[in-house]
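Here the structure comes first, spelled out in structure tokens, and everything after it is commentary.
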Amino acid sequence: MALIALCFAFMSLVIGCGYLWIASAIGQEAGLRNTRYGLVGLLTLFLIAIMMPQIASQLSEKTLSNLHILYWLPIIGFGSWGLSWPYRKQESGDLLLDAGRTWQNKVLFWIGLIEAGIATFITWLSSRHFLASLDSAGGLLQILQVRAPQVIFWWTIAILLISTGLSKLELREKGLCFLWTFVSWQQISAYWWENSQQNTLTIKVRRRLLLSPSFMSIRTPARYRDAIERIVNAHISQS
């Protein structure tokens, strides 16, 4: 119980600091909305962290040793999502405005660099285990089965975050492209600029999935605010 209370207190601290940071960047109202959605994800992770020891205690050693195959699920998912972006982007039509990198892009880029550091460390550890197992065929096979998916997983996340961070906000003929996601004008039912952060554009999106957010807040570069306003207003009015 003490460990659970400590984890809950730590998670509350993270949520509070995260809200203050996000609110200072994109506005209080937008920060509160983003924190609410982030809270669902954090609570899910919290429950998984509590349940995993109990689940692991019920599994056999052979089953636990085969759990490394679960690394391939996010590797395939994230890899497919990233590699398919050029093809998905073709749906957006001709470029109307290149608004450059947003605040969110820059944050993801730095997170990606941290992930790259973690991936480098894990790669270094895995290489040590690999060298130590060269004299044993069974040990070498086990290292390749267990360590290789971990290394590929962390590098996949790092490359995806860095690449997404280097992408730009683009307003196009059929919608807008943001963080390797295409949102068509027909999906946007309304938009507004946040009062507490006038460069933050919030768009209300028609949901495709039940748990997906119904809005998207983008802190745009100040010099493009008027141009973005003209394009978005014209296309939302037509829609």
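The values are calculated or read from the model by the stated rules, or taken from the named source; none is laboratory data. Since the model is a prediction, treat every value here as computed from it, not as a measurement. Cβ coordinates were reconstructed from backbone atoms using ideal geometry, including for glycine residues, and neighbour counts include every protein chain displayed. Only protein heavy atoms, including side chains, enter the accessible area calculation; ligands, DNA and RNA are left aside. Shrake-Rupley method; radii C 1.70, N 1.55, O 1.52, S 1.80 Å.
Can you find a residue in the range 69-80 that is at negative phi and either modelled with pLDDT of 90 or more or among the polar types (S, T, N, Q) (or both)? Yes, the range 69-80 contains a residue that is at negative phi and either modelled with pLDDT of 90 or more or among the polar types (S, T, N, Q) (or both). Residue pairs whose Cβ atoms lie under 7 Å apart, separated by 6 or more positions or on different chains, with the first residue in the range 157-168 and surrounded by 17 or more Cβ atoms within 10 Å (Cβ to Cβ) and the second among the acidic types (Asp, Glu) and assigned to a helix (DSSP H, G or I), are Ile157/Glu115; Ala158/Glu115; Leu161/Glu115. Quick check: anything in the range 95-103 under 21 Å from Trp185 (Cα atoms), open to solvent by 30 Å² or more (accessible area, probe 1.4 Å) and of a type outside the set (A, V, I, L, M)? Scanning the range 95-103 turns up at least one residue that is under 21 Å from Trp185 (Cα atoms), open to solvent by 30 Å² or more (accessible area, probe 1.4 Å) and of a type outside the set (A, V, I, L, M). On inspection, Trp124 does not qualify as part of a helix (DSSP H, G or I), at pLDDT 90 or above and of a type outside the set (S, T, N, Q).
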